[in-house]
1. When the residues of the range 89-99 are narrowed to those that are out of contact with any Ser or Thr (no Cβ under 8 Å at 6 or more places or on another chain) and among the aliphatic types (A, V, I, L, M), which ends up surrounded by the most Cβ atoms within 10 Å (Cβ to Cβ)?
2. I need every pair where a residue in the range 132-157 that is open to solvent by 30 Å² or more (accessible area, probe 1.4 Å) has its Cβ under 9 Å from the Cβ of a residue that is not in a helix (DSSP H, G or I), sequence separation at least 6 or different chains.
3. Within the range 161-185, which residues are within 29 Å of Phe131 (Cα to Cα), touching a helix residue (DSSP H, G or I) at 6+ places or on another chain (Cβ under 9 Å) and open to solvent by 30 Å² or more (accessible area, probe 1.4 Å)?
4. Give the range 100-115 a look and list any residue that's in a helix (DSSP H, G or I) and open to solvent by 40 Å² or more (accessible area, probe 1.4 Å), or say none.
5. What are the residue pairs meeting all of these: first residue in the range 83-109, first residue closer than 18 Å to Val66 by Cα, second residue crowded, with 19+ Cβ neighbours inside 10 Å and small (Gly, Ala, Ser), Cβ atoms under 6 Å, and 6 or more apart or on different chains?
6. For the range 186-201, does any single residue satisfy the condition of being within 17 Å of the chain's Cα centre (by Cα), open to solvent by 20 Å² or more (accessible area, probe 1.4 Å) and either at pLDDT 80 or above or closer than 30 Å to Ser68 by Cα (or both)?
7. Could you pull out the residue among Ser48, Ser79, Ser74 that is part of a loop (DSSP other than H, G, I, E, B), small (Gly, Ala, Ser) and either on the phi < 0 side of the Ramachandran plot or at pLDDT below 95 (or both)?
8. Say we look at the range 202-217 and pick out the residues that are open to solvent by 80 Å² or more (accessible area, probe 1.4 Å) and aliphatic (A, V, I, L, M); which of these is modelled with the highest pLDDT?
Amino acid sequence: MRETTNPVFRSLPKQGGYAQFGTGMAGAAQQMNQGYPGAQTQYQREVSRPLTIDDVVTKTGITLGVLSITAVISFFLVSGNQALAGPLTFIGAFGGLALVMVATFARKQDSKVLVLSYAALEGAFLGAVSFMLTAFSVGTSNAGAMIGQAVLGTLGVFAGMLVVYKTGAIRVTPKFTRMLVAGMFGVLALMIGDMLFSMFGGGAGLHLRDGGTLSIIFSLVCIGIAAFSFLIDFDAADQLIRAGAPEKAGWSIALGLTVTLVWLYLEILRLLSYFQND
């Protein structure tokens, strides 16, 4: 499997491990069934079936459904009591980050409970942040329209990159992956630098998030990197399916795609807020 820019996918077992699951376990089942015909049903219950594209779509849909419901609840909670914006943002952001770290380093990406817990926490974060970005840009009365534009933009980019991947218009190569990884690290370094300058440089910062021309360019770069990251994530998911990964691996794909979708949505919403402030 090619390396991916998504940290969730980077620590997944390689093809060899999943291929052994698909062939070795199936071979053992066949031998058992030849000697013990009555054991077939019981053994099939114990062995997970191979991952399919339907599993990926279903699990990703469930994950995004939980995230969306939680985000809507969080948005209306903050709109009714703006004092909740801080706690929901903090708990959602750092709680979601902690779960992603656990999933990545403890290799728990295929845990349904962990993935859905991440979706709930990230939904709380997105709802609060969406309210703050829209309320100060277009007001609460027009917040829904701006959020709708961001959601449609996110889904449009996702669908567009899926078409690009399926048609092979852009090939996922090691060089392509290295370039994206370098771009992602560069963006991350700039974000950290901007935060440190804002905290310890008298609030000056690098002007990456103040709504100016540089902020617009930076958001467009982030959107571009997130969009092209989908190509590598699609390829990683495709490789897992072809390698005969177990059905529960669909949760790891759902988690990885959700991480990228959340980042893309935030950057699109932030970009829209810049244009509203002009």
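1. Here the answer is Ala93.
2. Note: pairs meeting the criteria are Ala145/Val138.
3. Matches in the range 161-185: Met184 only.
4. Within the range 100-115, Met101, Val102, Phe105, Lys112, Val113 meet the criteria.
5. Leu88/Ser74; Leu88/Ala124; Leu88/Ala128; Thr89/Ala128; Gly92/Ala124; Gln109/Ala103; Gln109/Ser252
6. Yes, the range 186-201 contains at least one residue that is within 17 Å of the chain's Cα centre (by Cα), open to solvent by 20 Å² or more (accessible area, probe 1.4 Å) and either at pLDDT 80 or above or closer than 30 Å to Ser68 by Cα (or both).
7. Ser48
8. Only one residue tops the list, namely Ile217.
The values are calculated or read from the model by the stated rules, or taken from the named source; none is laboratory data. Source: prediction; values computed, not measured. We place every Cβ from the backbone using ideal geometry, glycine too, and count neighbours over all the protein chains shown. SASA here: full protein model, heavy atoms, side chains in, ligands and nucleic acids out. Shrake-Rupley method; radii C 1.70, N 1.55, O 1.52, S 1.80 Å.
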